[in-house]
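What follows is a single structure, written as structure tokens, with notes after it.
The values are calculated or read from the model by the stated rules, or taken from the named source; none is laboratory data. The shown structure was predicted, so the numbers you read here are calculated from the model rather than taken from an experiment. Quick reminder, even Gly has a Cβ in these numbers, built from the backbone with ideal geometry, and neighbours come from all protein chains shown. All accessible areas refer to the heavy atoms of the entire protein, side chains included, with ligands and DNA or RNA removed. Shrake-Rupley method; radii C 1.70, N 1.55, O 1.52, S 1.80 Å.
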Amino acid sequence: MIVTIVGTGYVGLVTGACLASIGHTVRCVDVSEERVEMIRAGQAPFYEPGLEELLSEGLESGRLSVTTDLAKAMENSVLSLIAVGTPSKVGALEPDLSYLETAARQIGEELRKSSDYHVVAVKSTVIPGTTRGVVQRVVEAASGRKPGEFGVAMNPEFLREGSAVEDFRNSDRIVIGQADARSGDVLADLYAYFDCEKLRVGIEEAELTKYASNALLSLLISFSNELAGLCEATAGTDVETVMEGLYLDRRLSPAVDGARVRPEILSYLRAGIGFGGSCLPKDVNALRVYGRLNGVPTPMMDAVMLTNTARPVRVVEMALKALGSLEGKTIALLGVAFKAGTDDLRSSPGLAILQALVARGAKVRAFDPFLSPKAAERAGLNGSYCPTLELAVKDADAVLITTGDPVFRNADWERLSSSMRGPVVIDGRNALRHVTLPAAVRYFPIGQGEQLVEAN
Ligand code: UGA
């Protein structure tokens, strides 16, 4: 199938490279000449394991091409997937739909030039009603065609950064929101290669399914963090132990052949410094706005965000308590990206912690194994960025861990702590819980109440 993908961001490019790898002819379109040149040279504009290999393979085979010319990319194409960004509007919670509208209008203008059947499908995350109310309406006006004379669909993605290629290839589900059966059939053909569950639903159901998925993950994380706060206030408790008791519920970890199976979802039931990234916070906020617009209160989603924004503050308070004052103190921040295994700083709680520490007079040395000096410079981190773990930690008054990267767990803490000025370790992810640290290290994990003194 010849497919046009509008937007070579995270979703668009991974989808394009993966679809080309299963035999489709994929034409990716982006407005940025610089980005197009970069991708044409086989370089991914962001870090994603396995993506560059797929790009090279697709470009070499000719099944994948990249252009700024939408008209050329739509020649003989049966389907356009819109995968442009829908970021939160500056200073507001609702998504900015301007990129989506522009893409829909341009696609519509191309459709006006022919009478071939073509499906316009939205891959970007959009609030219920947007595909029909904005995209379909704009395509209709720009093309002069009526719905039915072109197809409309909504096909959300469920890829995680850092494992997006793998997630695409081993999709757990494909959700096809269809305006009519003919539109959905084209999407079903596109994904015929995959034998996972394919759910064909209404357009608004598809839109909402995406939000429901991310909202549930956010809810689990905030629940775990709220519990961590309660443990911190309760002497003799440890959130890790409480959680272990929770996991052992057979409904959460079923026994299969006598052995407990721990589903991956349990990793979202762990305390930390809060969720971040380009999806979870934006999507929970968009749901809240959607509820407000429709007169439906969303107190759970409101609370999820409230707990989430409180967590980075809590970790800074722990640093303050451990060091007395942060003024003039050197703090090694280990992990800046929103999670381990990516270089993405968008809505990163680690970045929020960095800024809060600096605001309180601390000198921060930030190290993240995935963050390149260039990316750090683009993010304005020049003053704090450290290229190695050793340099970040040397002469620091404290270490503050903000991602669970295995590099931190596997580091030589004997050597690292001996290079520090004051060996304080604040562990925002409980990443070193099972590491034997030198006796001199003052270790502060999250979710632990004061130790109770045993009576003799
Ligand atoms: C998330 C969803 O997991 C994807 O299914 C979805 O497609 C994607 O958003 C999206 O909407 O595009 P992603 O933002 O890449 O993917 O991040 P996750 O790996 O889910 O991590 C989100 C947050 O949860 C991070 O802050 C991370 O630290 C935290 N997390 C992640 C955990 O607490 N535990 C984990 O096991 C994984």
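Explain nothing, just compute: Karplus ³J(HN,Hα) = 6.51 cos²θ - 1.76 cosθ + 1.60, θ = phi - 60°, for every residue of segment 244-257 in order, whole Hz, x for Gly and Pro.
Per residue, the Karplus-derived 3J(HN,Hα) values read 4, x, 5, 4, 6, 4, 4, 6, 9, 9, x, 8, 10, 6 Hz.
Determine how large the accessible area of F46 is when every protein chain is in place; take a 1.4 Å probe and give Å² rounded to the nearest 10.
Surface accessible to solvent at F46 totals approximately 40 Å².
I need the calculated FRET efficiency for the pair D302 and A71, taking r as the beta carbon distance and R₀ as 45 Å, to the nearest 0.05. Kindly include the intermediate steps, with their values, before the conclusion.
Numbers: r = 45 Å, r/R0 = 1.00.
E(calc), rounded to 0.05, equals 0.50.
Packing-wise, with mean Cβ within 10 Å as the measure, how do 395-408, 164-177 rank, highest first?
On the way: 395-408: 23.2, 164-177: 18.0.
Top to bottom by mean Cβ count within 10 Å: 395-408, 164-177.
Any chance you could give the angle, 0 to 90 degrees and rounded to 10, that helix 203-232 forms with the longest Cα principal axis of the chain?
0 degrees
Which pairs, out of K282/K363; K329/K374; K282/K374; K339/K394; K113/K374; K89/K329, put more than 32 Å between their alpha-carbon atoms?
The pairs that break the limit, which is 32 Å between Cα atoms, are K113/K374; K89/K329.
Quick one: grab the alpha carbon gyration tensor of segment 204-456, order the square roots of its eigenvalues as a ≥ b ≥ c, and give me rounded if a/c is under 1.5, else prolate or oblate depending on whether a/b is larger than b/c.
Numbers: a/c = 1.73, a/b = 1.26, b/c = 1.38.
In terms of gyration-tensor shape, oblate.
For a Förster distance of 56 Å, can you work out the FRET efficiency between the beta-carbons of K374 and M1, rounded to the nearest 0.05?
Numbers: r = 37 Å, r/R0 = 0.65.
Computed FRET efficiency for K374 and M1 comes out at 0.95.
Output ³J(HN,Hα) for segment 180-185: one whole-Hz value per residue in order, computed from phi by the Karplus curve 6.51 cos²θ - 1.76 cosθ + 1.60 with θ = phi - 60°, and x for Gly and Pro.
Karplus-based 3J(HN,Hα) across segment 180-185 equals 7, 4, 5, 5, x, 4 Hz.
How do R251, R433, R346 rank by accessible surface area computed with a 1.4 Å probe, from largest to smallest? Walk me through the numbers on the way to the answer.
Details: R251 205, R433 45, R346 120 Å².
Order by accessible area, largest first: R251, R346, R433.
If you rank E327, E204 by how much accessible surface each has, with a 1.4 Å probe, what is the order from largest down?
Details: E327 130, E204 65 Å².
So the residues, ranked largest to smallest area, are E327, E204.
Taking 7 Å along the Cα-to-C-beta vector as the label spot, tell me the V407-L248 distance in nanometres, rounded to one decimal.
My value for the distance between the label points is 3.7 nm.
Take every DSSP beta bridge whose two residues both sit in the chain, then give the antiparallel share in percent to the nearest 5. Kindly include the intermediate steps, with their values, before the conclusion.
Working: 6 of 51 bridges.
Bridges in the chain are about 10 percent antiparallel.
Report the full-extension gain for the segment C196 to T388: residue separation times 0.36 nm, less the Cα-Cα distance, to one decimal in nm. It would help to have the intermediate numbers written out before the result.
Details: separation 192, 0.36 × 192 = 69.12 nm, distance 4.19 nm.
Computed gain between C196 and T388 is 64.9 nm.
Roughly how many percent of the accessible protein surface of the chain is carbon and sulfur, given a 1.4 Å probe and a whole-percent answer?
Values: 11010 of 20580 Å².
Carbon and sulfur: 54 percent of the exposed surface of the chain.
Would segment 271-387 count as rounded, prolate or oblate if I go by the C-alpha gyration tensor, calling it rounded below 1.5 in a/c and otherwise prolate when a/b exceeds b/c, oblate otherwise? Write down the numbers at each step before the final one.
On the way: a/c = 2.81, a/b = 1.59, b/c = 1.77.
Oblate.
Residues with amide H under 5 Å of N430's amide H, sequence separation 5 or more or different chain, H placed in the peptide plane at 1.01 Å from N; which?
HN-HN under 5 Å from N430: I446.
Considering Cα pairs under 8 angstrom that are at least six residues apart, work out the relative contact order of the chain and quote it in whole percent.
Once normalised by length, the contact order is 12 percent.
Points 7 angstrom from Cα along the Cβ direction at K89 and D172: gap in nanometres?
Distance between the two pseudo-spin positions: 3.4 nm.
Measure nothing fancy, just the Cα-based angle from helix 51-61's long axis to the longest principal axis of the chain, in degrees from 0 to 90, nearest 10.
30 degrees
Whole number in Å², please: accessible area per residue of the chain, 1.4 Å probe, ligands, DNA and RNA not counted. Kindly include the intermediate steps, with their values, before the conclusion.
Details: 20580 Å² over 456 residues.
With the other protein chains kept in place, the chain gives 45 Å² per residue.
Between rounded, prolate and oblate, where does segment 2-195 land on the alpha carbon gyration tensor, with a ≥ b ≥ c its root eigenvalues, rounded for a/c under 1.5, else prolate if a/b exceeds b/c? Spell out each step's value before the answer.
Numbers: a/c = 1.37, a/b = 1.29, b/c = 1.07.
Cα axes put segment 2-195 in the rounded bin.
Starting with the highest mean, order 425-431, 62-68 by the number of other Cβ atoms within 10 Å, averaged over the residues of each peptide.
Result, highest mean first: 425-431, 62-68.
Could you derive backbone 3J(HN,Hα) for segment 24-37 from the dihedral phi with the Karplus parameters 6.51, -1.76 and 1.60 (θ = phi - 60°), listing whole Hz in sequence and x where the residue is Gly or Pro?
So the Karplus estimates, Gly and Pro as x, are 7, 9, 10, 10, 8, 10, 9, 6, 8, 4, 4, 5, 4, 4 Hz.
Report the Stokes-Einstein translational diffusion coefficient (µm² s⁻¹, integer) for the chain, Rh taken as the Kirkwood radius over Cα pairs, at 25 °C with viscosity 0.890 mPa s. Before the final figure, lay out each step's value.
Working: Rh = 23.9 Å.
The estimated diffusion coefficient comes to 103 µm²/s.
What whole number of Å gives the distance from the Cα centroid of segment 332-367 to the Cα centroid of segment 68-135?
34 Å
Put V358, V84, V139 in order of accessible area, largest first, 1.4 Å probe: what do you get? Don't skip to the end; give the middle numbers.
Values: V358 75, V84 25, V139 0 Å².
Heavy-atom accessible area, descending, gives V358, V84, V139.
Under 5 Å between amide hydrogens, which residues at least 5 positions from V201 or on another chain qualify, with H placed 1.01 Å from N in the peptide plane?
Distant-sequence amide H within range of V201: I176, G177, Q178.
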